[in-house]
Amino acid sequence: MIANRQLFMSVVLVVTTLLLVLLLIDGWTSKFHLLTIHMVARWSDHTSGETKQLAPAPRPHVSPSGPLTSRFAPTTGLPETTDSILDHFNMERIHQIRINSTGTTEAPQVNFKFNTSEVERLRKWVMTYFNPDTDLTVIKSQVQLGQLIRYEVSPKEYANITENFFRLIPESSPLLGKHFRSCAVVGNSGILLGSRCGPQIDSADFVFRCNLAAIEGFVNDVGTKSNFTTMNPSVLPHDYKGCFENISIREKFVKRLRLIHDQILHIPAFVIVNGRRDVEFTNAMIVEHHLPIKASYAPVETTKRMKALWKDADFKTKWPSTGSIMSALAACVCDQIHLYGFYPFGMDKDGREIEYHYYGSARNLPSHNMTEEYRAFQTLHQRKALVLHTEPCNDDVL
C-alpha cells in the first residue's frame, strides 16, 4: 500500500512538473485551459452536422521561384502555425495562438522605417496583375444602356445595365493617374476597439474603408475620413435587413452613404446574382437622394486577377477578402501603406477576447482564409513594405 502511494505521488509530481514547464514555455497569457483545448480542437460542420477533428493549420508551401519568397518572405522562411484552439467568439473560426517567429500574434512595430526598395517591388509585383488606371472599374465607353453582363459566380445569370446603373458608371477610373504619400487601409476587426487610432487614420493622405463599415460611435478608434469605401452587395441584407420595405432602415442606409460625401464608393456588382437587387437599390438611393458619390464598379476580371496574385505568392485562399484587395490596390497608388483592423483572431496576445467586427456585426465567411492573408501582411511588414498596426495608437501622424 505504501509503495503504491509513493508511486502515485511520484507520477503526480512528474505530471505537475511537466505542466509547470509547459506553462513557462507557452507563456502565462495563453492560460491553463489552452493546454487541454490544444490537444483536441473541434469545430462544428454546418453542412453535415458532424463534429470533426481539426488538425493544426499546415505551413504553406513556398516555391523557390515565387515572388513572395524571392522578394518579400523573411530570410528565415514563413513562420509556422503551431497552436490552434477554439475561437471563443465564433466556433467556425480557428484562433491561431502562434503565427510569427516571436511566438505572439502581434506584428513588430518598434522604430519602423519603410524600405523604399521593398515598397517599389511590391508595387511592381501587384501591377503585373492589376492596374487601377484600367482594371479598377467598368467605364462608360465599355458598356451600353441595357447591356447584359454575365456574373462571375453565376455565369448563367446576367446583370442589366439599367438607367441608374449607366448614369453612375464613371467616364474613367477615379484613381486614374493618382498617387499618394501615405494611405490607411481600414479593416473591420474588433482589434480596433479601444485602439484610439482614429486621429492617426484620418491623418493619412488617402483612406480606404471596407464594406461600408460603421463610423458613427467609433470615431475615436476608426476615424471619419473616407476616400475609397467598398460595399459588398451582401452588406444590405446583413446590416440593413428590411431596407426595401422599412423607411427608417432605408434612411439609416442613406445616412451611412452620405458619410462618403463626394468620394469613391466601390461595388463588386458583377460577382454573384444574389446581389443584383442590392446593387440596383444602392444605385437608386444614390440617384434619388442626389448624393455626390463617385461610383465605381469592379469588372468581372478583378477577382480572377487577385486570386492569381495570391496563387503566385503561394498563399492559399479560396476567395480574396475585400481587405486583401484594398491592400493590393493601395500598393499601386501609395508610398506608405498602413493597415489597421486586420486581425482575424478571437483573442489578443494578452488573452482579451476580440469581436470579429469592431461594430459587433459578425459574419462567418468560410470562403476567405483570413489567417493566410494575415501571414502575408506580416511577411510584408517584416520586409518593411507596409505597416501592420495591431496595437493601440499613439499621437503620431502619418
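Since every read-out is calculated from the coordinates, none of them should be taken as a lab result. This is a predicted model, so every value here is computed, not measured. With ideal geometry, Cβ positions are generated from the backbone for all residues, glycine too; neighbour counts draw on all protein chains shown.
Numbers below:
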item	result
The stretch 346-351 - phi-based ³J(HN,Hα) in whole Hz, Karplus 6.51/-1.76/1.60, Gly and Pro as x	x, 8, 8, 5, 9, x
Net charge of Cβ neighbours under 14 Å - reference LYS140; Lys, Arg +1; Asp, Glu -1	0
5 angstrom amide H check on ASN211, placed H, neighbours 5+ away	THR230, MET231, ASN232
Test item: Cα-centred dipole of the stretch 157-312, Lys/Arg +1 and Asp/Glu -1 on Cβ, debye	300
Approximate spin-label separation GLU171-VAL219, in nm, with each point projected 7 Å along Cα-to-Cβ	3.5
Label point at GLN142 placed 7 Å out along Cα→Cβ; residues across the stretch 261-285 whose backbone nitrogen lies under 12 Å	269-270
Placed amide H near MET347: partners under 5 Å, 5+ positions off or other chain	ILE354
Long-range amide H partners of GLY187 with built H, under 5 Å	TYR340, GLY341, PHE342
Mean shadow area of the stretch 264-398 over all directions, Cα convex hull, nm²	10.7
J(HN,Hα) series, the stretch 222-237, from Karplus relation 6.51 cos²θ - 1.76 cosθ + 1.60, nearest Hz, glycine and proline x	10, x, 10, 4, 9, 9, 9, 10, 8, 8, 5, x, 5, 4, 4, x
Selected from HIS368, PHE345, PHE315, residue furthest toward positive end of dipole (the stretch 116-389; charges at beta carbon)	PHE315
Spatial extent of the stretch 116-389: Rg and Dmax, with the Cα atoms as the point set, Å	17.9, 55
Cα gyration tensor, the stretch 106-205 - rounded (a/c under 1.5), prolate or oblate	prolate
Under the Karplus curve 6.51 cos²θ - 1.76 cosθ + 1.60, θ = phi - 60°, whole-Hz ³J(HN,Hα) for the stretch 243-249, x wherever Gly or Pro sits	5, 5, 9, 8, 5, 5, 5
Point-to-point label distance, ASP396-LYS316, nm (Cα→Cβ direction, 7 Å offset)	3.6
